Amino acid sequence: MKVTQITIGRFHHFHLARQLVKYELLNKIYTGYPSFKLKDEKGIPSSKIVTFPWLHAPYMKRGKLGLDRFDWLNKQWQWYDSTLLDKYVSGKISEQGILIALSGSGRFSGKKMQSIGGVHICDRGSSHIRYQDETLKEEYEKWGLKYQGIDKKIIYRGENEYNEADFITVPSEFVKQSFIQKGIDKKKLVKIPYGASLDRFKKIGYPPTNKFRVLWVGGISIRKGFLYALKAFQNLDHPHKEFVVIGAIEEQIKPLLKTFNLDQVQFKGQIPNNELLKYYSTSHVFILASLEEGLAMVQGEALACGCPVIATTNTGAADLFTDGKEGYIVSIRNVDELTEKLQLLADNPGFRDEMSNKAIIRTKKIGGWDTYGNNMFKFLTNISKNEFHK
């Protein structure tokens, strides 16, 4: 049994590839990423990495070229980017095995693998594509913003992949339930939560005693629910509070930010990953108010640094920590709940410290990418026994 992977970008697939190498299962990993961008991907023999960067590399640079403002071009580019990679790989498949393709990148290659007796696994990192599109459309309209929407061709292709694949791997219960809600047979769904490079994250300091610091790490966007977190922070009753915000600001959200009092908000922009543990360690709480995503591992990073987390149900939080123990899990779009939890931690420093200690203990149980690899290996071994030995 050999495994072939397809991923248009990096995402978690190179972590998976390293695990497959460890178990001597990896055939090839095909990617749209150019080879010079993959020099830091250790633990994978270069002979097993095949790049097809002809559309993806310029797509990554479209912002600097001033092309990202053309929505019609972005949609067409994205479509052909994944489609041509998929067709390229389908022409390379000749041996029965298992194909794990990032959703949107494996319809043709999946059919090819199935035609020779192999198995196609569609790997989806976020919610069901139609659930995602409907949720974001509703959210943008709520804020009076134009929603470009996911290209209908991409939605059609995604749903066909879901139906045609033998299995769909997902990282969290939230994602799994979004598929079930859209009519996908739960027997086809396999939940395997991601790991994280938690060995790089540890507590290296303490929050200040003269102020209450709230931390945000991620895109400042509608999808991430930043405005709900900002409203909750502003509602927080504390004489000395600050909101440290790390990440890039979405263009459409900038006019809305001007309607808020930002005196106690520090926008740090994007910072190197190795500097994050300083911010996690010296913040009282980390907040994530996303409308939808698969499994946001920034939560695990924060927990590893002893920073309790307040996150929505739609972040995969329930697969990382227990509500009320290492942090809080709240419903989406609920400013009152976010405010209540922030206030509780601000008013009870001793309880917050207890939660911080429990967060560190919890991360040791989450496991890193080895845990993810072990769970994937068990799943693939079971497939091999049941599908290839009938």
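Take the conditions of a type in the set (Ser, Thr, Tyr), part of a loop (DSSP other than H, G, I, E, B), closer than 20 Å to Gln5 by Cα and open to solvent by 10 Å² or more (accessible area, probe 1.4 Å) and apply them to Ser126. Does it pass?
Answer is yes for this residue.
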Looking at (1) under 30 Å from Pro272 (Cβ atoms); (2) polar (S, T, N, Q); (3) open to solvent by 60 Å² or more (accessible area, probe 1.4 Å), which is the only condition Gln132 fails?
(3)
Among the residues of region 243-250, is there at least one that is aromatic (Phe, Trp, Tyr), in contact with a Cys (Cβ under 9 Å, 6 or more places away or on another chain) and buried (at least 20 other Cβ atoms within 10 Å of the Cβ)?
no
Taking the residues in region 136-182 that are surrounded by 15 or more Cβ atoms within 10 Å (Cβ to Cβ) and free of Cβ contacts under 8 Å to residues at least 12 places away in the same chain as candidates, determine which candidate is farthest from Ile253 (Cα to Cα).
Gln177
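The values are calculated or read from the model by the stated rules, or taken from the named source; none is laboratory data. Being a predicted model, the structure only gives us computed values, none of them experimental. Glycine gets a Cβ as well: all are built from the backbone with ideal geometry, and neighbour counts include every protein chain shown. Only protein heavy atoms, including side chains, enter the accessible area calculation; ligands, DNA and RNA are left aside. Shrake-Rupley method; radii C 1.70, N 1.55, O 1.52, S 1.80 Å.
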